[in-house]
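These notes are about the structure you will find just below.
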Amino acid sequence: MIDIQVKNLTKFFVIGENLLDGLSFEIQEGECVAILGRNGCGKTTLFNILTGQMDYDDGEVYVNPYKKLGLISQIPRFPAGFTVEDVLRSAYKDVLSVKEKMEALEIAMVRDATPEQLREYDILSNRFQSGGGYEMDISVDKICNGLGITSQQRCQLFDSLSGGEKTRVNLARLLLEKTDILLLDEPTNHLDLRSVEWLEGYINSFKGTVLAISHDRYFLDQVADRVIEISEGHASFYSGNYSFYMEEKQARFDLQLKQYEQEQAKLKQLGYTVERMKGWGINNRTLYRRAMSIQHRMERIKKTEKPKTEKTMKATFGEKDFSGDVVFKLKNVSKAFDSRTLFSDVDLHVEGGERIAILGDNGTGKSTFIKCLLGEETCGGKIQFGPTVKWGYLPQIIHFSHPERTLYDTMLYEKSCTPQVARDRLGAFLFQGEDVFKTVGNLSGGEQSRLRLCMLMDEKINLLILDEPTNHLDIASREWIEAAIEEFEGVLLFVSHDRYFIEKFAERIWLLEDGKIRDFPCGYAKYRSIMEHEAASRVQPQLQTKPKKEKPKGGTKELDKLIRKLEREIEKQEQVIAALDAQIEASAADYQELTRLLGEKEAEELVLMDLMEQWESAQEG
């Protein structure tokens, strides 16, 4: 069954310049499709058209009218005074309305209940159950736990949250609404690694249809069944995940280039033949006619278009020579805000050439740790740099002292360079033509990161510190940064939730959790293996030794005695599991405790199943 169909869709904002130009594709029920393309190619515009928020100029758009569609990037306005909990519960507004009617009926039926009231209450009760009312609390806790929405945050006013926090809460609300078709516009941008992994699991078990715009390549590899790439208003199709898309795209490029080169060589040879035959045919009409026949054949040959290579930024980090062994040392470093300790007793040292990723959940203090390292925040303990160390820093939130200046003026004033050098450096970062006269304050987040990198790369440094360097960047820009970093031979220290980036560069990992920094002298793949092994050992149920199946010694009396004994044990085991269910519900916001309890419950259920098998065997007799 088709859930979404787009035929010859056209959308323009400037007459004569079509953003979407005859775009056509189909999405089948249950598919998870990645929508790729450079920033500004029309991906978000397409989503706005699918949700009806934006009109289009030509073509046809079909969205299954019997399916509920939800867009993650859209954050609705909620009444003033709404808490995060109120926003989450709004996903159950119909169910909550049924609950209010049930409660009103319960009050009315305290003294005497009429048959009509009982029938109405029965109908409402069935609606409440089918709408998930009885599982509502557990579902809300489960989604919040997975996305890292804490119990404290659930009490906050929704309007007091940051843009990223609002996006995460809205994602939770939409998932609770049981949407049939999910449109995800950069869903991983404001999630930490644990939450992204949870979302991947949710999407992979989701029975509905998913369209995802994302620059998170690792995420796309985990969830995408196929890829639709939008380029110059048209769609190209790839029947696999992101890695398949990359290999297939390169293979198509190579094939098209080979066909183009062969055609050009053939046309060149034919053209040379035509010119010679025309010369020879001045006094020979037969040769001249043959030359014209070849020329007409050349015109009829279907030409292969030369494949376009995307513009790339050409720049490398300036490097300062490093002498010595130790780049920096930390001794008993600690940082606390009021009564909350972010980290303490940190003892680390870094030598030349290391590449270190700092990982941890949102709010654990990764950015604060970097600011302490650079002296932007005060902290306890001692931090000592080597005498020849010069660092460069790209913060997560880019700030320019004079946002009213143009890019061109910013380079002239802050880098003290000549006009030509300013133009050349900006051009290397794809700021060309009139773009250099944009004001810095009007740049997008990705453009501001690109400008800051342009200024940073000119400096002679041997320690490069990056805080979420790939945020706001499309895939092409991320690949360019990676290419530049590969050429950098100094020390690299970075915070990132981009697992593709982490896996590519991290040779050492610092994990910030529970107020400590754990040092893993390995890459991301081995680190993941270690963490998974530790998690498995924590939740590995202490499986009770299965009691041997008792056989009756003989006679009906012994058999009845065994059955009664097994029934008592089954009842006790069911009580144990019920108690665990209550603990699980109470601990839904505590990820580690919830994981432990689920493992314990799984073990107890195995024991119950074994007892039931024994009981069935005894009944058969």
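The values are calculated or read from the model by the stated rules, or taken from the named source; none is laboratory data. Quick caveat: nothing in here was measured; it's all calculated off a predicted structure. Positions of Cβ are generated from backbone atoms using ideal geometry, with glycine treated the same way; all protein chains shown enter the neighbour counts. With ligands, DNA and RNA removed, areas are computed over all heavy atoms of the protein, side chains included. Shrake-Rupley method; radii C 1.70, N 1.55, O 1.52, S 1.80 Å.
From the list ILE143, ILE72, ILE107, ILE138, which residue is hydrophobic (A, V, I, L, M, F, W, C) and free of Cβ contacts under 8 Å to residues at least 24 places away in the same chain?
ILE107
Among the residues of the stretch 329-337, is any at pLDDT below 90 and touching a strand residue (DSSP E or B) at 6+ places or on another chain (Cβ under 8 Å)?
no
Taking only the stretch 297-328 into account, find how many residues are at pLDDT 80 or above and in a strand (DSSP E or B).
So the answer is 3.
Counting just the residues of the stretch 248-306 that are farther than 26 Å from VAL227 by Cα and of a type in the set (Asp, Glu), which one comes out farthest from the chain's Cα centre (by Cα)?
For the stretch 248-306, the residue satisfying everything is GLU275.
Read through the list (1) on the phi > 0 side of the Ramachandran plot; (2) modelled with pLDDT of 85 or more; (3) under 27 Å from the mean Cα position of the chain (by Cα), then give the number of the only condition that ASN442 fails.
ASN442 satisfies all of (1) on the phi > 0 side of the Ramachandran plot; (2) modelled with pLDDT of 85 or more; (3) under 27 Å from the mean Cα position of the chain (by Cα) except (1).
Of the residues LEU430, LEU426, LEU466, which single one is more than 30 Å from GLY324 (Cβ to Cβ) and not in a helix (DSSP H, G or I)?
Values: LEU426 fails: not in a helix (DSSP H, G or I); LEU466 fails: more than 30 Å from GLY324 (Cβ to Cβ).
Sole residue among the options that is more than 30 Å from GLY324 (Cβ to Cβ) and not in a helix (DSSP H, G or I): LEU430.
Condition (residue is modelled with pLDDT under 95, in contact with a Gly (Cβ under 9 Å, 6 or more places away or on another chain) and not hydrophobic (A, V, I, L, M, F, W, C)) applied to the stretch 510-519: is it met by at least one residue?
yes
Looking only at the stretch 398-430, which residues are hydroxyl-bearing (Ser, Thr, Tyr) and in contact with a Ser or Thr (Cβ under 7 Å, 6 or more places away or on another chain)?
Residue satisfying the conditions is THR406 alone.
Kindly state which helices (runs of 4 or more DSSP H) lie completely within the stretch 1-120 and contain at least 3 residues that are touching a helix residue (DSSP H, G or I) at 6+ places or on another chain (Cβ under 9 Å) and either aromatic (Phe, Trp, Tyr) or open to solvent by 60 Å² or more (accessible area, probe 1.4 Å) (or both). Lay out the reasoning, then the answer.
Working: elements: 43-50, 84-89, 93-108.
Of the helices (runs of 4 or more DSSP H) lying wholly inside the stretch 1-120, those with at least 3 residues that are touching a helix residue (DSSP H, G or I) at 6+ places or on another chain (Cβ under 9 Å) and either aromatic (Phe, Trp, Tyr) or open to solvent by 60 Å² or more (accessible area, probe 1.4 Å) (or both) span 93-108.
Can you tell me which of (1) over 23 Å from ALA586 (Cα atoms); (2) without any contact (Cβ under 8 Å) to a residue 24 or more places away in the chain is the one LEU161 doesn't meet?
Exception for LEU161: condition (2).
Looking at the stretch 576-621, which of the residues that are surrounded by 14 or more Cβ atoms within 10 Å (Cβ to Cβ) and not in a helix (DSSP H, G or I) is modelled with the highest pLDDT?
SER587
Looking only at the stretch 425-465, how many residues end up being under 30 Å from GLY352 (Cβ atoms) and either open to solvent by 40 Å² or more (accessible area, probe 1.4 Å) or in contact with a helix residue (DSSP H, G or I) (Cβ under 9 Å, 6 or more places away or on another chain) (or both)?
Here is the first cut: in the stretch 425-465, the ones under 30 Å from GLY352 (Cβ atoms) are 425, 428-429, 449-465.
Then keep just the ones that are either open to solvent by 40 Å² or more (accessible area, probe 1.4 Å) or in contact with a helix residue (DSSP H, G or I) (Cβ under 9 Å, 6 or more places away or on another chain) (or both); that gives 425, 428-429, 449-455, 457-460, 464-465.
Adding up the residues that qualify gives 16.
Scan the stretch 17-55 for residues that are among the small types (Gly, Ala, Ser), more than 18 Å from SER236 (Cβ to Cβ) and more than 23 Å from the chain's Cα centre (by Cα) and report the count.
Looking only at that region, the number is 1.
In the stretch 477-513, which residues are among the hydrophobic types (A, V, I, L, M, F, W, C) and open to solvent by 30 Å² or more (accessible area, probe 1.4 Å)? Steps first, please.
Our first condition is that a residue be among the hydrophobic types (A, V, I, L, M, F, W, C); within the stretch 477-513, this holds for 480-481, 483-485, 488, 491-495, 501-502, 505-506, 509-512.
Hit for the stretch 477-513 is ALA483, nothing else.
From TYR62, TYR92, which residue is closer than 17 Å to LEU211 by Cβ and within 29 Å of the chain's Cα centre (by Cα)? I'd like the intermediate steps shown before the answer.
On the way: TYR92 fails: closer than 17 Å to LEU211 by Cβ.
One residue alone meets the criteria, TYR62.
One line per residue, one yes/no per condition, for (1) farther than 30 Å from SER334 by Cα; (2) not acidic (Asp, Glu):
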{"site": "LYS371", "(1), (2)": "no, yes"}
{"site": "GLU376", "(1), (2)": "no, no"}
{"site": "GLN384", "(1), (2)": "no, yes"}
{"site": "LYS390", "(1), (2)": "no, yes"}
{"site": "PRO395", "(1), (2)": "no, yes"}
{"site": "TYR408", "(1), (2)": "yes, yes"}
{"site": "GLU434", "(1), (2)": "yes, no"}
{"site": "LYS438", "(1), (2)": "yes, yes"}
{"site": "MET455", "(1), (2)": "yes, yes"}
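Please enumerate the residues belonging to the stretch 514-541 that are open to solvent by 50 Å² or more (accessible area, probe 1.4 Å), assigned to a loop (DSSP other than H, G, I, E, B) and touching a residue at least 24 places away in the same chain (Cβ under 8 Å).
Within the stretch 514-541, GLN540 is the sole residue that qualifies.
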